[in-house]
1. May I ask you to list pairs of residues, at least six apart or on different chains, whose Cβ atoms are under 7 Å apart, with the first in segment 84-95 being among the basic types (K, R) and the second being at pLDDT 90 or above and open to solvent by 50 Å² or more (accessible area, probe 1.4 Å)?
2. From D50, D13, which residue is open to solvent by 50 Å² or more (accessible area, probe 1.4 Å) and either part of a helix (DSSP H, G or I) or closer than 21 Å to G173 by Cβ (or both)?
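The values are calculated or read from the model by the stated rules, or taken from the named source; none is laboratory data. Here the structure is a predicted model, which means the values were calculated and not measured. No Cβ is skipped: glycine too gets one built from the backbone with ideal geometry, and neighbour counts run over all protein chains shown. What goes into the accessible areas is simple: the full protein's heavy atoms, side chains included, and nothing from ligands, DNA or RNA. Shrake-Rupley method; radii C 1.70, N 1.55, O 1.52, S 1.80 Å.
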Amino acid sequence: MADSSPRADRDLDLLEALRQREPTATERLVTTYGDRAYRLAMNITGQARDAEEVVQDAFWTVVRKIDGFRGESAFGSWLYRIVANAAYQKRRARRSPGRDVSWDEVLPLFDEQSRHAVSVIDWSPRVDDPSVQTELRVALTAAINELPAAYRAVLVLRDVEGLANPEIAEIMGLSVPVVKTRVHRARLFLRKQLGDAVTTLDATTAAEGRA
């Protein structure tokens, strides 16, 4: 993978510290990957407590199994895979009262080229407008939360963590085309939701102006 070597090189000191069982190695692991691992776990489990338990278990697994890491992928990719597996196991274990949201329930209408079949408001020129930044941030968070867990996970890995599609495919146990499709559709969904939020905001502002 094109970007595996730089990522692996950046973690070489941490990797060596873990292998040597240095006293501060675990703390360094948490400092380096704690927030990112929690973000991924939270987006899969949807529960803060579950995400915290997942990260703790995943990091303990990393520490215990560090000698089994052969460097065939980036260290970060290996760690993310452990986190993702633990998060999905946690999610399956607590199935019952709630149910997973299916993609069909939040899917916008697409044409044969996976483009929106209906017009979508272009909200991008408004991102620098202080009057709507807070509302857009709230709308973005809500839209991400509406995505099914599998789509949230690939979106976070791609657009927040900046991983390449082949890395995400390896972490999630998917093919690269499936990763591309999920990222593309998740982005289209977010774009539509933010467009709807801007439309609602503008309508509310206009109504207040007429009052």
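1. K90/E53
2. D13
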